[in-house]
1. At what distance in nm do the modelled label points of Ile11 and Lys37 sit from each other, each positioned 7 Å from its Cα along Cα→Cβ?
2. With θ set to phi - 60°, apply the Karplus curve 6.51 cos²θ - 1.76 cosθ + 1.60 along segment 9-22 and write out the HN-Hα couplings as whole Hz, x wherever there is a Gly or Pro.
Amino acid sequence: MLGFNATELFIILMIVLVVFGAGKLPKVMGDLGKGVKSFKEAMNEKEEAADKEPQPQAKMVEAEVTEKKEKT
């Protein structure tokens with residue numbers, strides 16, 4: 001995944017806390033969660049729509065055979 005250790009996550013959390021403040025942090029995180037959820041739903045809908053589409057099948061081409069009539 002991303003490979004963050006505990007120290008890096010703590011530093012990121014402190015920066016977010018300073019930028020947004022303690023009062024707005026729950027709202028920002030909630031909005032971020034809703035955005036991620038809607039993104040996942042859209043991706044799932046796209047995959048389901050792609051699965052429902054009929055796959056193009058190879059068309060068989062019928063060759064017309066003409067016989068040359070020999071003049072007798």
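1. Label-label distance for Ile11 and Lys37, simple model: 3.2 nm.
2. 5, 5, 5, 5, 4, 5, 5, 4, 4, 5, 5, 9, x, 5
Bear in mind these aren't lab numbers, they're just calculated from the coordinates by the rules spelled out. Everything quoted here is computed from the prediction, not taken from an experiment. All Cβ positions, glycine included, derive from the backbone under ideal geometry; neighbour counts span all protein chains shown.
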